[in-house]
Amino acid sequence: MARAEAPASEDRLPRNVIVLSWVSFFQDAASEMLYPVLPLFLTSVLGAPVAVVGLVEGAGEAVASVMKIVSGRLADLRQRRPLIAFGYGISSLAKPLIGLAQVWPFVLVARVIDRTGKGIRTSPRDALIADETPAPLRGRAFGFHRAADTAGAVCGPLIGLGIYELLGGHARDMRPLFFVAAVPAIVSVALVGFVREAKRSRPGPLPVPAPARAEYPRRFWRVLVFLALFSVVNFSDALLILRAQALGLRFVAIICAYALYNLTYAGLSYPAGRFSDRVPRRFVFAAGLAVFATAYLGLGVVTTSGWVWPLLAGYGAFTALTDGVGKAWITDLLPAERHGSGLGLYQGVIGGGSLVAGVWAGLAWHGDGRIPLVISGAVVAILAVALLAFGTRLERPSARMAA
C-alpha cells in the first residue's frame, strides 16, 4: 500500500537530521580516506595474507554489532547525544593508531577500537533521526542522512589520493593518511554539540520477565531473519577492492573507482529514500538486491579491469537502495519506545552476519576472489526473487495485532 504524502507544514526535515548528516559527512570523509587504503596497506606494506583483510574487517564489524545492540538498549533509556558524541570521539582517536602499526595485529586492535566507536554511536543516532521524523518522511530522512554520509565518502578518498600523490605515490607513503584523517574526524565530534535533544523522561526499567521476542512484533523478527540471511553473503567491500587489484587496477585507479561507487551511492540515496516513502519499502530493497547480484556476479566473471568501473558504480546503486531504506523499513515495524533497541538489534545482527561473510569469503578467496563473488551473487539473486514473491508474508501483522 502506498504511503500518504506528508502535509506541507511537515514537509521539512528536522534540524537534528541536518546536523547529524553534517556530522556523518565529516566522519565518513575521515573513514573513507582510509578504507580503500587499508586492505592495500595490510597486504602491500605489512605483508598480511588476504584472509587477514577479511578477519580485520569481520572482527571490527562483529564488535560494532555487539555495541550497536548495547547502545540501542541504552538509547531507549537515556539521552542519546552523549552516546553519539562518545562514539564519534572513540573512532576519531583510533584512526591515527593504524598509521603507527608495524605488524597486522596492531591494525586489528586499532580497527576494533574504531568500530567500537561506530557501534556506540550508530543506534542512538538512528533512533534520534527516527523519533524526530514523521513516518511519511522517514525514508527521505534516512536517505538524506546516507547521502550526506556518503558524500563524505566521495571527498575522503579523493583528498587522500591527492595527499598520497603529493607525498610521492609509493606504498610506504600511505602512513601519513592515517594521521591526516584525524582532522575531519575531530570536526565531526565538534559538530555533535549542535544537536539539540529534548529532555527525556526517565522511563521505568525494561520488562525483565518477558522474553526478548515479546518486546518486538513478530513481523519485525521475520524481516530481521530475512535480512540476516542476506548479511552472511554480503562480505566487506575491502575484498572488492582486492578483486579490482587482481583485475589489474593500480592504486590511483582503485581509489577513483571507489570514489565513483560512493558518488553513485550518495547521488541515489535521497531519491531512493524518498521513493520508499511512496511504495512498499521491500520493493525498493528487492531492487537493491537485484543490483547487488548483478554487480557481484559481474565482478566474479569478468576478466578485464575496464568492467570494474561500471560494476562498482552499479554496486553503489545497491547500497543506496538498501542502506537508508532498510533502516526506515525496520523502524516502520517497531513501536516508538523500541526504536533504539530495535535498530540496534537489526544492525547488530547484520554486523554479525558480515563477520561470517568476511571469514568465509576471505578463506575462499584463492587469489582472485571469483568463487565467493559468484556464490554471493547467485544467492542474493534468489533472495531478491523471494522478497518480491513472499514479502507481504514477512510484513503481515500477527493475528493478535490485526484483532
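The values are calculated or read from the model by the stated rules, or taken from the named source; none is laboratory data. A quick note: this is a predicted structure, and the numbers were derived from the prediction, not measured. In this analysis, Cβ positions are derived from the backbone assuming ideal geometry, glycine residues included, and neighbour counts consider all displayed protein chains.
Some notes on this structure:
- Filter result (in a helix (DSSP H, G or I) and either basic (K, R) or surrounded by fewer than 24 Cβ atoms within 10 Å (Cβ to Cβ) (or both)) within segment 93-106: L93, A94, K95, P96, L97, G99, W104, P105, F106
- Qualifying residue in segment 8-18 (condition: assigned to a helix (DSSP H, G or I) and surrounded by 18 or more Cβ atoms within 10 Å (Cβ to Cβ)): yes
- Boolean, A198 is surrounded by fewer than 23 Cβ atoms within 10 Å (Cβ to Cβ) and either out of contact with any helix residue (DSSP H, G or I) (no Cβ under 7 Å at 6 or more places or on another chain) or of a type in the set (F, W, Y) (or both): yes
- Scope segment 64-89; condition within 18 Å of the chain's Cα centre (by Cα) and surrounded by 20 or more Cβ atoms within 10 Å (Cβ to Cβ); matching residues: A64, S65, M67, K68, I69, S71, G72, I84, G87, Y88
- Cross-chain or 6+ apart pairs with Cβ under 7 Å, segment 267-278 first and in a loop (DSSP other than H, G, I, E, B), then surrounded by fewer than 23 Cβ atoms within 10 Å (Cβ to Cβ) and not hydroxyl-bearing (S, T, Y): D277/R3; D277/P136; R278/A2; R278/R3
- Filter pass, A110 being touching a Cys at 6+ places or on another chain (Cβ under 8 Å) and either buried (at least 16 other Cβ atoms within 10 Å of the Cβ) or not in a helix (DSSP H, G or I) (or both): no
- Among the numbered conditions (1) within 20 Å of the chain's Cα centre (by Cα); (2) buried (at least 22 other Cβ atoms within 10 Å of the Cβ); (3) closer than 23 Å to A286 by Cβ, the only one that P372 does not meet is (1).
Yes or no, residue by residue, for (1) within 17 Å of G326 (Cβ to Cβ); (2) at pLDDT below 95; (3) not basic (K, R):
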| position | (1), (2), (3) |
| --- | --- |
| A253 | no, yes, yes |
| A257 | no, yes, yes |
| L260 | no, yes, yes |
| Y265 | yes, yes, yes |
| V279 | yes, yes, yes |
| G288 | yes, no, yes |
| F292 | yes, no, yes |
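- In the set (1) more than 22 Å from the chain's Cα centre (by Cα); (2) buried (at least 22 other Cβ atoms within 10 Å of the Cβ); (3) of a type outside the set (D, E), the condition left unmet by T150 is number (1).
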